[in-house]
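The values are calculated or read from the model by the stated rules, or taken from the named source; none is laboratory data. Bear in mind that the values here come from a model prediction, so they are computed numbers and not experimental data. Heads up, the Cβs are rebuilt from the backbone with ideal geometry, glycines too, and the neighbour counts pull from every protein chain shown. Remember, those area values only see protein heavy atoms, side chains included, never the ligands or the DNA or RNA. Shrake-Rupley method; radii C 1.70, N 1.55, O 1.52, S 1.80 Å.
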Amino acid sequence: RRMIQTSLSCLTRTLFFIMGFQVEVKGKVASLLEAPIIVAAPHSSFFDAIVSALTGMPSIVSRAENLSTPVFGTILSSLQPVAVSRQDPDSRKNTVAEITNRALSGGKWPQILIFPEGTCTNRSCLITFKQGAFIPRVPVQPVLLRYPNKLDTVTWTWQGYSLKELFVMTMCQLFTRVEVEFLPVHVPTEEEKKDPILFANRVRQTMATALNVPVTDHTFEDCRLMISAGQLTLPMEAGLVEFTKISKKLNLKWNHVREQLDTFAAIASASKGGRIGIEEFSEYLKLPISDVLRELFHLFDRNGDGTIDFREYVIGLSILCNPANTEETIQMAFKLFDLDEDGTITENEFACIIQSALGVPELDVSNLFKEIDADETGKLSYDEFKDFALKHPEYAKLFTTYLDLQRYQLGMLEEDDIQPPEAKYTPVGNAVPVSETRPVARNKVCPADNEEDNSGTSDKKDD
């Protein structure tokens with residue numbers, strides 16, 4: 001190991017010298033016992049490998065794909081790296097376990113070098129640090145990287161020049177300056193040992209202060225969403241939703257959010273700037289712009305600017321629609337639509353409820369009905385209705401709002417049933433007076449289909 005580390009360190013330094021790199025080192029490298037883990041940031045280029053040479057060629061946490069790279073992969077393998085697959089959740093768990101095992105080995109394993117951002121950025125800020133370097137609860141040494149050059153030929157991010165182009169441009173420079181600063185070892189407090197996120201954030205803030213750059217809650221997953229947004233012809237910044245931050249709060253999964261991006265792109269494709277206005281929202285739902293639809297749109301529009309961006313869309317679906325889109329709610333909504341209780345929903349029954357829910361009596365819902373009617377039988381089965389409800393949670397809020405209205409009216413009916421006779425026709429607040437007959441069933445809400453029941457109920461029952 002010593003022979004490999006020494007020879008590779010000398011070889012790497014020589015290569016950087018030949019390529020014209022002028023390296024300035026500040027601070028002192030901590031020993032293995034002082035800091036089993038080294039965290040370097042900001043990570044912006046493959047040239048950041050200079051840190052490995054300066055720290056004695058420690059083990060590196062690297063993408064598994066890098067091990068198959070010609071020449072570089074062989075050199076990397078000789079350093080006993082910790083390989084991680086960004087696509088495999090189990091690989092990440094195993095990586096954390098391996099880092100912890102090595103960091104707590106008492107010097108049996110080499111130091112571990114980690115770029116905690118997990119991806120390359122343009123050095124204008126520090127994005128969220130991943131927790132792998134901080135879960136072992138051992139001291140870490142922060143290392144800062146700076147490239148104070150007039151012309152930037154090293155930054156390798158999700159947009160811009162390719163690896164080959166950057167390499168050629170860098171070789172064309174007479175020299176390229178790089179500063180590597182080793183900060184004092186950060187020994188975690190008891191509070192930080194119990195909370196790796198707090199530990200990571202404090203180390204990040206220390207590094208950001210020394211670099212004089214801000215911090216942001218964006219992560220590698222935002223970069224993946226950004227690329228996906230670009231592939232869907234959306235502005236790439238549409239995918240920057242602070243995925244890790246909102247996923248922890250709302251318990252979101254990556255695949256689910258990626259699917260929602262597809263839907264968002266389908267809605268926003270007709271708009272400029274990749275945002276959804278009330279017109280696009282209405283067209284997608286195949287419903288007219290009404291007061292009810294405006295209220296639903298405003299619930300999504302968190303900042304009140306009259307448009308919905310992807311972040312607002314994801315949060316809106318998670319908070320407003322998905323919790324309401326349960327099996328019980330779908331079953332109740334289906335029964336509500338099934339006016340004649342024959343186990344299917346006709347277009348007239350469907351139109352009746354949608355018209356009442358939106359307060360638009362002349363609404364044409366034929367296109368929406370045809371989209372739900374997958375087998376084109378002219379009737380909706382429960383499976384068709386459920387499948388549509390799960391794939392289009394945007395409608396859940398409309399259904400549950402109407403269900404809540406029905407429950408409220410039934411509650412007022414029940415209150416009237418237990419009031420003394422003289423109070424039967426006394427309005428309560430804005431409630432509509434009702435008669436003393438039995439409450440109306442939830443699915444008997446369409447005036448056209450309930451004329452036979454009107455003899456025993458108030459004229460305003462159907463409101």
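Annotations for the structure displayed:
- Rg and Dmax over the alpha-carbon atoms of the stretch 170-237 stand at 18.0, 50 Å.
- Remark on the stretch 1-211: Rg and Dmax equal 16.5, 50 Å (Cα only).
- Set 286/335; 253/386; 249/386; 130/245 screened for pairs whose C-alpha atoms are more than 20 Å apart: 286/335; 253/386; 249/386
- Take the Cβ atoms of residue 159 and residue 269, set R0 to 35 Å, and the FRET efficiency comes out at 0.95.
- Solvent-accessible surface of protein heavy atoms, probed at 1.4 angstrom with all chains present, puts 161, 395, 382 in the order 161, 382, 395, largest first.
- Whole-percent pair-distance distribution, where bins are 10 Å wide, for the alpha carbons of the stretch 192-346: 10, 29, 30, 20, 8, 3, 1, 0
- For the peptides 384-390, 163-169, 331-337, the ranking by mean Cβ contacts within 10 Å, running from highest to lowest, is 331-337, 384-390, 163-169.
- Alpha-carbon gyration tensor eigenvalues x 5, square-rooted, for the stretch 63-183, Å: 28, 18, 15
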